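Below is one structure; the comments refer to it alone.
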Ligand SMILES: Cc1cc2nc3c(=O)[nH]c(=O)nc-3n(C[C@H](O)[C@H](O)[C@H](O)COP(=O)(O)OP(=O)(O)OC[C@H]3O[C@@H](n4cnc5c(N)ncnc54)[C@H](O)[C@@H]3O)c2cc1C
Ligand SMILES: Cc1cc2nc3c(=O)[nH]c(=O)nc-3n(C[C@H](O)[C@H](O)[C@H](O)COP(=O)(O)OP(=O)(O)OC[C@H]3O[C@@H](n4cnc5c(N)ncnc54)[C@H](O)[C@@H]3O)c2cc1C
Ligand SMILES: Cc1cc2nc3c(=O)[nH]c(=O)nc-3n(C[C@H](O)[C@H](O)[C@H](O)COP(=O)(O)O)c2cc1C
Ligand SMILES: Cc1cc2nc3c(=O)[nH]c(=O)nc-3n(C[C@H](O)[C@H](O)[C@H](O)COP(=O)(O)O)c2cc1C
Ligand code: FES
Ligand code: FES
């Protein structure tokens, strides 16, 4: 894909060639997809959720397919921030795509420590995962209570000059309350949605399909919910939104832009089509050309509700 | 379908030939399906949400298909309780299937008035819809706040001797809090889940697909979420649960029984296969025979989590 | 006359134009009961679209036990129908809804776009009445229907938006003149809502009884889900397009 | 040697037994690179299963540019693959993972159930080594593989759970004796995990190097999603079955 002026996007100072990023946990550290996607051309690489200490994640079966979706209970397996910084980052920092690190802490302080360690030139932004449904400490606890969410954002902001992206959980009664809380606490960007908590049962063994019993639901099945939440939040906050949840093709992404997202991320789609991040961007260009829209930003929030 | 002893079920005094009911709003008043389902043999007919006054529902497009699911924003169109009692009930009360009336009020008092009017022999139970995402007054407001939900249940219980079923909304941070609130308030049964709030956008017109902008998501897409919620609630309450959300075939229903539901309801499936309620029951019989399980109740809550 | 939901066999599925195809299925029990204006609700087995898709019955061959369904490929559901090959099965629920009232002697059929399809079946059943048809389309390419109406109607009038065939303009451009010069006792109109509303108005002002066929997004097709209801203009309850319609007297709904 | 994701054409898809089929696809670029033990990740286009399905490469015809994939129909995904007909397309991502280490002279292949399939490709590539195979199954009906191994191996040993073919018992019942009497310098085992663990243990106690091929539920197949990781027993980091495996030295993982 050649660079296209219709797509160049900047949110909170993060300069991207396209507004199509990859969702944390679904694109590894980028390099796994280098044969399918030009890592110099995609919007941004959001790397797998990283923690202070290495984590081995959950045991047993970690994914299950569901109608138009999938459940995962990876449980934040990752090699830890130090290994990431010393062994992985040097391998990927030369790509043009900005690198955004998704972090999870088991306490407010841990988010601060992680944010500080990532306050380095190779990193474009920090995404706070306060919405992982698959770990007991941390994760979703912070993402379902506005005060805790705000505390995490404040602590991160205190410790880094990088743009801070707060990633919201959809497992809440009122997503707008959460969005406003992180905005007030100083988040530069909101990304949404993380997975919905779900479950599947093996009716032969009478056991849960997943090792961790429950897991996070992603993929096309959740798109209507994600889109609704992005739309609600877009009307309530003034910071940019990275929309995600079930984006498989350009048409899906365009719905998110119209609902109010300034950028989008593809997650589960990477597993089905490893070139998804590029294919979605290409499809958006075609759409903009057909519709005679000069720049993607002219779509953002343009949903006409009456 | 001949009556089968493996399936005969009684919950909160409601005697049913099978534990497979039909979900409110998806089966009309039963009679619309009489050519496809033997209304003397199915578990129970839960009729379309009924209100004090007739309602004409929302304008514009009312359904949209989504991946493995559908959105609806019917908006509780119904002829009102009086017309139901005088014109519809006499046509359907002679069927063997117990008739359960799903009611929605715009105030706590309205639920009480409706409950009182339904305290008549032809009605087997009353289902409180405190979870309709498609109407402004009433509906979901009561279903996302435990105190309001409890108030509705108490008011209904005060006004009727019929078993009262509280229908929970999945659009909450913690479904267990809601379930405990309605249990404490005296609900005899919990039914769950109602639809998840979602949305779809037409990328040609830049308009919402649905006339009401947002709508309720149902169908297979939501099954993993419904199942997880039933499982969580089953461990927290002592009253029986009617499980629903994406049940298309017997296998899906069995997952709900294992998760802890004492009965199930088929909703969206009726639109795809008008014989769904009977087909699901038949499939359960086959499964029980194959597995040598004498009665469906022996499945309830039998999920082995370790 | 019970409705039926069953897997039926596809006999043929051929292009009539770039984006319009004709599906012929073997469904004798439905064919026997079907009335013009009724529709079937199709579910392509194992295909992705969850819900059924409503398609009008374009004609019936009772002797052969077949239904013809003519559809335009506009999205996922119709694309899945278009993928069907001879010998494949498709689940067919029908016949659904209420059809046209056939008690007339000198009917004028008016069709726009895909609304021209169900009028074939209507013209068949109206015989031996002296029937005329007025069809409108965007251009000549859209109006490939004449042969289907040969032997069924006495006169064919055509309008196109761009004038590439027949009179340039819309059906409503031509209609007043037709109503003035010919003695129609009934109008049956099927097409875009705006066209049907226009026709209904002209019909009323000329005192000709008019039936229209509505289209709404449908889930159940059986009158249960209330996806498809519309306001009724004659003071009665809301109408279910799938069950009370899709055919209505114009004054009921416009 | 880049991995490839592309729509490839199905040449054949035939039953080998009641529930086992062989799919032959034309995929010359993958065929050229493929090594025994590697797999492809299949997505049936437009079919309901969202995710791909991993299937081992059972053999390769480089000259014809074809891959043979032998699979048991166990659920939705494999049922969708089973529905493919000649000339259909299927999306094929591969070759994925790391294959077997071929540096041995007197290998014993041990296969259980569908694990016998990828050993065909392995036996092809091990030629001209003097190769033997020990296959286990529940009954005679499951062990229809002998013909596939003709000309590829010198000896075939068989066990069945019910004794309907070969020795009654499991592969591990027969293994100790084989290791005592023959001079194998390598064991390659592919089958149920419990069987592989048993074989690995016996191999170790007899001082024979052993490679195993693991199976885990997979999403990406590329080492990115961490669906498929397993603990490593040699003190190193967790292994990604899709990328570091599926073939491992036994002591790495058991
Ligand atoms: C009673 C009736 C009879 C019909 N007869 C015919 C016919 O004979 N020939 C023909 O070509 N078309 C006919 N239609 C329209 C046809 O049903 C739609 O074109 C079709 O459902 C579109 O499905 P899709 O998945 O291809 O399109 P999509 O736009 O992807 O459909 C998305 C959803 O919207 C619904 N939808 C979209 N357009 C329409 C529409 N115009 N009417 C109702 N629902 C719609 C679909 O059913 C589906 O649920 C009829 C519609 C009705 C209600
Ligand atoms: C590297 C590798 C190579 C394989 N090679 C072969 C082969 O050559 N022949 C063959 O018959 N089978 C093989 N399998 C197993 C095959 O992938 C599964 O049988 C298949 O994915 C089942 O899909 P399904 O939809 O039919 O079953 P379902 O049970 O409906 O599948 C549900 C989900 O579980 C996953 N799943 C179920 N069983 C397995 C399994 N055993 N391994 C991995 N994932 C599973 C599916 O991929 C899917 O995501 C291999 C598996 C792996 C990991
Ligand atoms: C296998 C898998 C692993 C994930 N890991 C993370 C993670 O580490 N951190 C995070 O914030 N989100 C994680 N997510 C959530 C995704 O980033 C994304 O928010 C979600 O999957 C919805 O998008 P999608 O439907 O496009 O997949 C993960 C999702 C999947 C499927
Ligand atoms: C078209 C439609 C109308 C509905 N109307 C009602 C209603 O009136 N009252 C109610 O409590 N639930 C209503 N529901 C929700 C269903 O009863 C059920 O809770 C939900 O659809 C989930 O089940 P399903 O996935 O099997 O459809 C409606 C659902 C649909 C699809
Ligand atoms: S489509 Fe369900 S009532 Fe008409
Ligand atoms: S399947 Fe994704 S890491 Fe192995």
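What follows draws every value from the coordinates through simple rules; no lab data is involved. Bear in mind the structure is a predicted one, so any value in this text is a computation, not a measurement. Counting neighbours? That spans all protein chains shown, and the Cβs are built from the backbone with ideal geometry, glycine included.
Taking Cα atoms, how many degrees apart are the long axis of helix C:116-126 and the longest axis of chain C, rounded to 10 and kept between 0 and 90?
Helix C:116-126 sits roughly 80 degrees off the main axis of chain C.
Using a label position 7 Å from Cα in the Cα→Cβ direction, what is the ascending list of nm distances from residue C:176 to the same site in the other copies?
Those separations, rounded to one decimal, come out as 10.4 nm.
With each run of n ≥ 4 DSSP H residues scored as -39500 (n - 2.57), what mean residue ellipticity at 222 nm is computed for chain D after dividing by its residue count and rounding to the nearest 500 deg cm²/dmol? Don't skip to the answer; put the middle values down first.
Values: 7 runs with 54 residues, N = 254.
Using -39500 (n - 2.57) per qualifying helix, the result is -5500 deg cm²/dmol.
Going 7 Å from Cα along the Cα-Cβ axis for the label, what nanometre distances separate residue A:12 from the same residue across the other copies?
Those label-point separations list as 4.6 nm.
In degrees between 0 and 90, to the nearest 10, how far off the longest principal axis of chain D does helix D:193-205 point, with axes built from Cα atoms?
Helix D:193-205 sits roughly 40 degrees off the main axis of chain D.
Rg over Rh of segment C:84-123, using C-alpha atoms and the Kirkwood radius, what does it come to?
Details: Rg = 14.4 Å, Rh = 13.1 Å.
Rounded to two decimals, Rg/Rh equals 1.10.
Antiparallel as a % of all DSSP beta bridges within the protein assembly as shown, to the nearest 5? Write down the numbers at each step before the final one.
Details: 104 of 197 bridges.
Taking every DSSP beta bridge within the protein assembly as shown, about 55 percent pair in antiparallel fashion.
Report the rotationally averaged projected area of chain C based on its alpha-carbon convex hull, in square nanometres. Walk me through the numbers on the way to the answer.
Values: hull surface 51.8 nm².
Taking the Cα atoms of chain C, their convex hull projects to 13.0 nm² on average.
Please report, in whole Å, how far the alpha carbons of segment C:31-85 spread along each principal axis, starting with the longest.
That works out to 33, 21, 17 Å along the principal axes.
Let me check I have the definition right: for the protein assembly as shown, take the eigenvalues of the Cα gyration tensor, multiply each by 5, take square roots. What are those semi-axes in whole Å, largest first?
So the equivalent ellipsoid measures 51, 36, 33 Å along its semi-axes.
Enter the Cα centre distance for the pair segment D:1-46 and segment B:232-293, rounded to the nearest angstrom.
38
Rounded, prolate or oblate: which fits segment A:2-121 when a ≥ b ≥ c are the square roots of the eigenvalues of the alpha-carbon gyration tensor, with rounded for a/c under 1.5 and prolate only if a/b beats b/c? Before the final figure, lay out each step's value.
Numbers: a/c = 1.85, a/b = 1.23, b/c = 1.50.
The shape class here is oblate.
Fewest first, what order do B:286, A:117, C:201 take by the number of other Cβ atoms within 10 Å? Show your work: numbers first, answer last.
Numbers: B:286 10, A:117 20, C:201 15.
Exposure proxy ranking, most exposed first: B:286, C:201, A:117.
DSSP beta bridges in segment C:107-253, what fraction antiparallel, as a percent rounded to 5? Don't skip to the end; give the middle numbers.
Details: 5 of 26 bridges.
For segment C:107-253, the DSSP antiparallel bridge percentage is about 20.
State the antiparallel share, in %, of DSSP beta bridges confined to chain B, rounding to the nearest 5. Write down the numbers at each step before the final one.
Details: 17 of 41 bridges.
The antiparallel proportion sits near 40 percent.
Only counting other Cβ atoms within 10 Å, I'd like A:255, A:294, B:31 sorted with the fewest neighbours first.
Working: A:255 29, A:294 10, B:31 17.
Least crowded to most crowded, the residues run A:294, B:31, A:255.
Among D:145, B:206, which comes first, then next, by fewest other beta-carbon atoms within 10 Å? Don't jump to the answer; show the numbers that get you there.
Details: D:145 21, B:206 15.
Arranged by neighbour count, lowest to highest, D:145, B:206 become B:206, D:145.
Over chain D, what is the mean sequence separation of C-alpha contacts under 8 Å (at least six apart), divided by residue count, expressed as relative contact order in percent? Please report the intermediate quantities before stating the final value.
Numbers: 585 pairs, mean separation 44.0, N = 254.
RCO, chain D: 17 percent.
Taking one equal scatterer on every alpha-carbon of chain B, how large is log10 of I(q)/I(0) by Debye at q = 0.09, 0.13 1/Å?
-0.39, -0.85
Can you check what the Kirkwood hydrodynamic radius comes to for segment D:55-191, Cα pairs only, in Å to one decimal? Don't skip to the end; give the middle numbers.
Numbers: mean 1/r = 0.0621 Å⁻¹.
One over the average 1/r among Cα pairs gives 16.1 Å for segment D:55-191.
For chain B, what is the calculated [θ] at 222 nm in deg cm²/dmol (nearest 500), taking -39500 (n - 2.57) for each run of four or more DSSP H residues and dividing by its residue count? Before the final figure, lay out each step's value.
On the way: 9 runs with 83 residues, N = 306.
So the calculated ellipticity at 222 nm is -7500 deg cm²/dmol.
Between the label point of residue A:109 and that of the same position in each other copy, find the distances and list them shortest first in nm, with every label point placed 7 Å from Cα along the Cα-to-C-beta direction.
Output for residue A:109: 5.6 nm, nearest copy listed first.
Compute the angle between helix C:171-181 and the longest alpha-carbon principal axis of chain C, please, reported from 0 to 90 degrees and rounded to the nearest 10.
Roughly 50 degrees between the two axes.
Given the rotation that superposes chain D on chain C, what residue of D brings its beta carbon nearest the axis, and what is the distance in Å?
D:48, 3
How big is Rg to Rh over segment D:4-96, alpha-carbon atoms, Rh as the Kirkwood inverse-mean-distance radius?
Radius of gyration over Kirkwood radius for segment D:4-96 works out to 0.92.
In the P(r) worked out for segment D:107-253, what percent of Cα pairs fall beyond 28 Å?
On the way: 2011 of 10731 pairs.
For segment D:107-253, the share of Cα pairs beyond 28 Å comes to 19 percent.
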